[in-house]
Amino acid sequence: MVNYWKSINFGKSFSTGGHTQGKSLLERIVSMRCIASAKSIKACKMQREEDIFSRVELLLGGERLESLRNRRVILFGVGGVGSWCAECLVRSGLGNLTLVDFDRVCASNINRQLMATTETVGQVKVEVLRERLLTINPQADIVAVEKVYTANTADEFDLDSYDYVIDAIDSLRDKALLIERACQSQATLFSSMGAALKLDPTRIQIAEFWKVKGDPLARALRNYFKKSGCFPKRKFQCVFSDELLKNVGGFPEEEETATQKPSKRPNGTLAHITAIFGCMLASLVIREEMRH
């Protein structure tokens, strides 16, 4: 047996079909094993994706799951509402998601924002969230855009290239601009109204923008549109709550951001409210797909 193995020259080239190959027997064996391993990994990944979304397919069906996989969604704002919306969409099989936010994780985000933990403080929100979403579905195309949506940057976003635009922006002026632009595009718009100062999840609702009642942000947006004379070109659905509480506790020393004035005091928020807002936004996308 020893003499047999010694007789094989692993470094010698060999011929196949009369043509001398440039690889030794050992190299060929390794190469074949690598190819087989790559095919096995690819098959495992495909099988894993099927396993991940098997329960989604049971409910929605194969065609609608495939439709979700091919849809393109752009989400503006990945805070307490947007981060949960993103997670729900990816867990439901969405294959293409663009995340837009300029901010970094701070300690005050931890109570309600999905990707905010003591270990991610200081990191770019869209990058941290993207990393998390890819651990859910490595095959998804998740694009992180570290940018704020304003009049100066609006032209950089081709909203017509998306199937859905999701608005989870806090800033009134920027939110109004996004709503105007999205309603001019071919994409379907879904928008979140204010999620702060809420406690009762049963009061969270969905309504067409002009029919939203009891929400200060929606009221401020309508007044903004009336004063500017620029109105959304079409109707769109919103997630909102008609509950409005007051802050009871004192205010700690506030953290400043690029859009927050030092004198502006934040409002209290709870994760179970912002998460439900985000989940309901995601449900609007899924239910729209079910309609087709």
Quiz item: Rounded if a/c is under 1.5, else prolate if a/b beats b/c, else oblate: with a ≥ b ≥ c from the C-alpha gyration tensor eigenvalues square-rooted, which is segment 146-292?
Solution: oblate
Quiz item: What order do TRP210, TRP84 take when sorted by accessible area (1.4 Å probe), most exposed first?
Solution: TRP210, TRP84
Practice problem: Just tell me which aspartates and glutamates come within less than 19 Å, Cα to Cα, of LYS227; anything on the same chain fewer than 8 places away is out. | Solution: ASP174, GLU180, ASP215
Quiz item: When only the heavy atoms of the protein chains count and the probe is 1.4 Å, how do TYR162, TYR224 rank by accessible area, highest first?
Solution: TYR224, TYR162
Self-check item: Approximate spin-label separation GLN186-CYS106, in nm, with each point projected 7 Å along Cα-to-Cβ
Solution: 4.0
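What trypsin sites (Lys or Arg not before Pro) in segment 180-249 are in a loop by DSSP, with at most 15 other Cβ atoms within 10 Å of the Cβ?
Values: sites: ARG181, LYS198, ARG203, LYS211, LYS213, ARG219, ARG222, LYS226, LYS227, LYS233, ARG234, LYS235, LYS246; in loops: LYS198, LYS213, LYS233, ARG234, LYS235, LYS246.
Here the sparse-neighbourhood loop sites are LYS213, LYS233, ARG234, LYS235, LYS246.
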Quiz item: Ordered by residue, what ³J(HN,Hα) values in Hz, to whole numbers, does segment 215-226 give under the Karplus form 6.51 cos²θ - 1.76 cosθ + 1.60, where θ = phi - 60° and Gly and Pro are x?
Solution: 10, x, 5, 4, 5, 5, 5, 5, 5, 4, 5, 5
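Rounded if a/c is under 1.5, else prolate if a/b is larger than b/c, else oblate: which is segment 111-202, with a ≥ b ≥ c the root eigenvalues of its Cα gyration tensor? All intermediate terms of the calculation are to be shown ahead of the outcome.
Values: a/c = 1.67, a/b = 1.22, b/c = 1.36.
Because a/c hits 1.5 or more and a/b fails to exceed b/c, segment 111-202 counts as oblate.
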Practice problem: Measure off, as a whole percent, the carbon and sulfur share of the 1.4 Å-probe accessible area of segment 211-252, all protein chains present. | Solution: 56
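Would you please give the FRET efficiency between GLU50 and ARG291, computed as 1/(1 + (r/R0)^6) with r the Cβ-Cβ distance and R0 = 30 Å, to the nearest 0.05?
Details: r = 25 Å, r/R0 = 0.84.
Between GLU50 and ARG291 the formula returns 0.75.
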Self-check item: Of LYS175/LYS211; LYS125/LYS246; LYS175/LYS246; LYS213/LYS235, pairs whose Cα-Cα distance is over 20 Å
Solution: LYS125/LYS246; LYS175/LYS246
Self-check item: J(HN,Hα) series, segment 125-133, from Karplus relation 6.51 cos²θ - 1.76 cosθ + 1.60, nearest Hz, glycine and proline x
Solution: 4, 5, 6, 5, 5, 4, 4, 5, 5
Quiz item: How much accessible area does MET193 have with a 1.4 Å probe, in Å² rounded to the nearest 10?
Solution: 10
Quiz prompt | Three-way shape label, segment 60-171, alpha-carbon gyration tensor, a/c 1.5 | solution = oblate
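Send over a whole-number figure in Å² for the accessible area per residue of segment 70-210, probe 1.4 Å. Don't skip to the answer; put the middle values down first.
Details: 5640 Å² over 141 residues.
For segment 70-210, the per-residue accessible area is 40 Å².
The values are calculated or read from the model by the stated rules, or taken from the named source; none is laboratory data. Predicted model, so just to flag it, every value in this text is computed and none were measured. Ideal geometry is used to build each Cβ from the backbone, glycine not excepted, and the neighbour counts take in all protein chains shown. For the accessible areas, the whole protein counts, side chains as well, though only heavy atoms, and no ligand, DNA or RNA atoms are used. Shrake-Rupley method; radii C 1.70, N 1.55, O 1.52, S 1.80 Å.
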